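Quick notes on the structure that follows.
The values are calculated or read from the model by the stated rules, or taken from the named source; none is laboratory data. Please read these numbers as outputs of a predicted model, since none were measured by experiment. All Cβ positions, even for glycine, are placed from backbone atoms using ideal geometry, and neighbour counts span all protein chains on display.
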Amino acid sequence: MVLSDSHTLQKTYTTTDIQTWLIAQVCEQVGIEPEEIDVQESLESYGLNSAQAMTIVSKAEQFLGFPLSPVWLWHYPTIATLSQRLAEEFTLESQAKQGSFAVDTIPKLDLSTEVVLDATISPVSAFLDAVDEPKSVFLTGGTGFLGAFLIQELLQKTAADVYCLVRAAHPEEGKKRLQQNLERYNLWQDELSDRIIPVLGDLSQPLLGLSSAQFQMLAGNIDAIYHSAALLNYVYPYSALKAANVLGTQEILRLACQFKVKPVHYVSSVAIFESANYAGKVIKEQDEFDHWEGIYLGYSQTKWVAEKLVKIARDRGLPVTIYRPPLIAGHSKTGVSNVDDFICLMLKGCVQLGSFPDIDYMLDMSPVDYVSQAIVYLSQQKESIGKAFHLQHPRPIHIREFFEWVKSLNHSIQPMPYEQWQAEVLNSVCSVDNPLYTLRPFLLEKWSDEQLTIPELYMQVRRPQISCEQTLKALAHSDISCPSIDAQLFGKYLSNLIDSGFLQVA
Ligand SMILES: NC(=O)c1ccc[n+]([C@@H]2O[C@H](COP(=O)([O-])OP(=O)(O)OC[C@H]3O[C@@H](n4cnc5c(N)ncnc54)[C@H](OP(=O)(O)O)[C@@H]3O)[C@@H](O)[C@H]2O)c1
């Protein structure tokens, strides 16, 4: 026991105390016995999801008596490392009465040292010409949001069979997962089913989790690769996402180079320009992206490194094309959306809370039909090889306009100055019933030397202007254009969210 400043007795916690407590919490959340826990194992390996992790964080705050950054759960990913770090912080808290964890005590990462592409990945021969009519294409991310629309577009706009990487125990389960995902977005067509072929594997494993023979056979059979899969998570650090997003991309590049050279169509993200070095600058499609300092989200960090690997492969002679979407919104005609994405969760959370943050933020989003159509069309143009494209909305809207449309449906929702809104989230959002709860680390965590939250770092003044001029030019001869974000489109999104039961408005 130690004597606190207020001369009341305060309990001390050792690493062992905290470890024992954490083991009990993990067991309670995922329903396993303490004997099944290995404190050196990653917490992720117990299948802890974001909501369960946030519950442990909340309880830890009560247990230890000080605010705890959820990000630590991922920066110290095992029970052993986390317990040790929490015990150290507990001592510091007791001694110095510090108010909260500072993110800058998290181990620093030099992303430039992560940009290393296996030297053996190099095209086996010169790439002579694009295959005009591919017989087989390989797609990753087919069980995801964009992936579903890419499958549909590839089935419509090519005659190719679409081999889809999918995590499943057997081919029937793999096919079922792909079918269920297409059905979720109203895209399933029985008559095209035979052209969708599951390839069981895992992006985060060497050779995509395939045997060497399977990998070779796939490499020999396919004519092009569309790499859309990634682990999207706003809380995990770089280390937790690296295997899928960075090393997985390396395996895709390996596949492209083996047996015969195949073009790679890589879905990147505008998040690669999150470094403060780009603030206020106009970024064109073919501009370099050397700055990584000040990219804070682990996800964005992995996208930056992965695209750098793709670029190295391009410099070694692999034909690659890069597509950088902004936030991907629902379908512009049907309104069907990904209810797990940031836009939908934020919308639902703010409606439940009755307020939204009044910040200077341009909502840079493009409907999924525009993104998928543009990718497939551009991938079929020979001039696209070696280039990058920005699938930005040419006329993004301000977030205030977005919430004004929500207000027209639910008059009680009000704008609130950002700091006041943060306090409201901290005080009133106390359970996973409100989606803002799982977004708390993203919304409340303070990053950077200036101690800003991610939404503050994304404010207009800190962002680059991402130009899509060359992309629009490349699409000019197609019938593809980005639908306006207006009250009509927003009405479609809202109707879909309300009809599906996701959103309740007064
Ligand atoms: N959504 C956006 O707003 C946005 C914005 C910019 C860029 N992007 C990029 O667009 C791409 C697609 O995003 P999305 O919104 O469609 O994401 P999503 O809905 O979360 O889908 C992710 C896909 O990746 C797959 N995946 C993840 N880890 C895997 C692994 N280890 N092995 C095999 N497959 C794995 C998932 O498979 P399971 O079903 O098995 O999990 C799923 O099919 C990503 O590259 C993302 O970075 C998205």
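Things worth noting here:
- Taken over segment 61-74, the criterion of being crowded, with 21+ Cβ neighbours inside 10 Å and assigned to a helix (DSSP H, G or I) is satisfied by Trp72, Leu73, Trp74.
- Answer residue from segment 239-252, given it is in contact with a Pro (Cβ under 9 Å, 6 or more places away or on another chain) and either assigned to a loop (DSSP other than H, G, I, E, B) or not hydrophobic (A, V, I, L, M, F, W, C) (or both) and is farthest from the ligand (Cβ to nearest atom) among those: Ser239
- Any hit, segment 464-475, residues being farther than 15 Å from Pro357 by Cα, buried (at least 19 other Cβ atoms within 10 Å of the Cβ) and either of a type in the set (Asp, Glu) or at pLDDT below 80 (or both): no
- Restricting attention to segment 207-238, the residues being within 18 Å of the chain's Cα centre (by Cα) and within 15 Å of the ligand (Cβ to nearest atom) number 12.
- Among the residues of segment 180-194, none qualifies, meaning not one is closer than 12 Å to Gln152 by Cβ, in contact with an Asp or Glu (Cβ under 9 Å, 6 or more places away or on another chain) and touching a residue at least 12 places away in the same chain (Cβ under 8 Å).
- Number of residues in segment 328-340 that are within 12 Å of the ligand (Cβ to nearest atom) and surrounded by fewer than 17 Cβ atoms within 10 Å (Cβ to Cβ): the value is 1.
- The single condition among (1) within 19 Å of Gly147 (Cβ to Cβ); (2) in contact with a Phe, Trp or Tyr (Cβ under 7 Å, 6 or more places away or on another chain) that Pro263 does not satisfy is (2).
- Number of the condition not met by Glu288 [criteria: (1) assigned to a loop (DSSP other than H, G, I, E, B); (2) over 30 Å from Glu456 (Cα atoms); (3) more than 10 Å from the ligand (Cβ to nearest atom); (4) among the acidic types (Asp, Glu)]: (2)
- Cβ pairs under 9 Å, 6+ apart, first in segment 381-394 and within 18 Å of Val310 (Cα to Cα) and among the aliphatic types (A, V, I, L, M), second modelled with pLDDT under 95 and part of a loop (DSSP other than H, G, I, E, B): Ile385/Phe127; Ile385/Ala130
- Matching entry among Phe389, Phe356 (being surrounded by 22 or more Cβ atoms within 10 Å (Cβ to Cβ), within 16 Å of the ligand (Cβ to nearest atom), outside any helix (DSSP H, G or I) and among the aromatic types (Phe, Trp, Tyr)): Phe389
- Helices (runs of 4 or more DSSP H) contained entirely in segment 407-506, each with at least 1 residues that are among the acidic types (Asp, Glu), more than 22 Å from the chain's Cα centre (by Cα) and under 30 Å from Lys59 (Cβ atoms): 418-428
- Near pairs, Cβ below 7 angstrom, 6+ apart or cross-chain, from segment 137-154 (more than 20 Å from Leu255 (Cα to Cα) and outside any helix (DSSP H, G or I)) to any residue that is hydroxyl-bearing (Ser, Thr, Tyr) and near the ligand (Cβ under 6 Å from one of its atoms): Gly144/Ser228
- Any hit, segment 172-188, residues being of a type in the set (Ser, Thr, Tyr) and either assigned to a helix (DSSP H, G or I) or within 21 Å of Leu253 (Cα to Cα) (or both): no
- Pairs with Cβ under 9 Å, 6+ apart, first in segment 426-439 and on the phi > 0 side of the Ramachandran plot, second assigned to a helix (DSSP H, G or I) and at pLDDT below 80: none
Matching residues to (1) part of a strand (DSSP E or B); (2) surrounded by 19 or more Cβ atoms within 10 Å (Cβ to Cβ):
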{"residue": "Tyr299", "(1), (2)": "no, yes"}
{"residue": "Trp304", "(1), (2)": "no, yes"}
{"residue": "Leu309", "(1), (2)": "no, yes"}
{"residue": "Gly317", "(1), (2)": "no, no"}
{"residue": "Leu347", "(1), (2)": "no, yes"}
{"residue": "Ser366", "(1), (2)": "yes, yes"}
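- All positions within segment 262-285 that are surrounded by 18 or more Cβ atoms within 10 Å (Cβ to Cβ) and assigned to a loop (DSSP other than H, G, I, E, B): Lys262, Pro263, Ser268, Ser269, Glu274, Ser275, Glu285
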